[in-house]
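The values are calculated or read from the model by the stated rules, or taken from the named source; none is laboratory data. Predicted, not measured: the structure shown is a model, and the values here were computed from it. Quick note on the areas: whole protein, heavy atoms, side chains included, nothing else; ligands and nucleic acids left out. Shrake-Rupley method; radii C 1.70, N 1.55, O 1.52, S 1.80 Å.
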Amino acid sequence: MLKILILIFIIQIVYVSAFTLRMILTLKGQKYIASLISTLEVTIYVLGLNLVLSYLDHFASLAVYAIGYALGVLAGSWIEEKLALGYITLKVISNKPDEQIAQVLRQAGYGVTSWLGNGRDGDRLIMEILAKRKNQKQLNDKILELDAKAFVIFHEPNQIHGGFWTKAIKR
């Protein structure tokens with residue numbers, strides 16, 4: 001029975017990780033990769049469900065199935081986080097409008113659109129920055145290095161059109 005429980009547990013983790021990745025890829029427009037993953041996902045699901053239904057009289061099989069599901073969600077999320085698919089948009093508001101923050105970020109390879117704004121306590125430098133999600137932490141660290149008091153908001157765009165990034169994104 002222990003081997004069956006271990007098998008149910010592993011199947012659930014693999015199945016739910018695949019499910020999580022498929023959903024994320026579908027939302028990011030990667031429908032062909034998502035459909036390939038779904039083939040593996042449904043096969044594993046049927047095998048796992050068959051095992052659990054075969055041992056339904058053992059409460060442990062249902063408990064292991066449920067715990068494997070929860071850990072599969074965590075594993076799938078962790079995998080997606082490591083893959084860091086897609087792009088991130090940052091809106092940055094700096095209290096240092098006279099400094100060359102935008103230029104330094106452009107020289108570091110980021111697409112930056114900047115303009116001057118006016119806040120409660122005076123002029124502000126406002127920047128919109130597009131970057132790959134995998135570069136999010138480095139970009140945020142660079143911004144805070146340039147202005148530790150910068151106000152930063154992260155957005156994940158679901159569609160991008162125009163600008164110099166468009167050619168690179170479509171490749």
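Quick one: what do you get for the chain if you divide its Cα Rg by 2.2 N^0.38 Å?
1.47
What accessible surface, in Å², does a 1.4 Å probe find on THR43, ignoring ligands, DNA and RNA and rounding to the nearest 10?
80
Can you give me the convex hull volume of the Cα atoms of segment 9-85, divided per residue and expressed in Å³?
Convex hull of Cα atoms, per residue: 66 Å³.
What angle do you read, to the nearest 10 degrees and between 0 and 90, between the alpha-carbon axis of helix 136-146 and the longest principal axis of the chain?
Around 30 degrees separate the two axes.
If the limit is 28 Å between Cα atoms, which of LYS3/LYS134; LYS82/LYS142; LYS28/LYS96 go over it?
Pairs exceeding the cut-off: LYS3/LYS134; LYS28/LYS96.
So how long is each side of segment 57-113 along the principal axes, counting just the alpha-carbon atoms, biggest first, in Å?
The principal-axis extents, from largest down, are 71, 22, 12 Å.
Given a 1.4 Å probe, how much area per residue of the chain is accessible, in Å²?
65
For the chain, what is the calculated [θ] at 222 nm in deg cm²/dmol (nearest 500), taking -39500 (n - 2.57) for each run of four or more DSSP H residues and dividing by its residue count?
So the calculated ellipticity at 222 nm is -19500 deg cm²/dmol.
Can you list, largest first and rounded to whole Å, the semi-axes you get for segment 90-140 by taking the square root of 5 times each eigenvalue of its Cα gyration tensor?
Working from the Cα gyration tensor, I get semi-axes of 21, 11, 8 Å.
Compute the helix-to-body angle for 31-54: its Cα long axis versus the longest principal axis of the chain, expressed 0 to 90° and rounded to tens.
With rounding to tens, the tilt is 30 degrees.
Grab the Cα-Cα distance for LEU47 and LYS3, subtract it from 0.36 nm times how many residues apart they are, and report the gain in nm with one decimal.
Difference between extended and current length: 14.4 nm.
In whole percent, how big is the carbon plus sulfur part of the accessible area of the chain, probe 1.4 Å, protein atoms only?
Here it works out to 62 percent.
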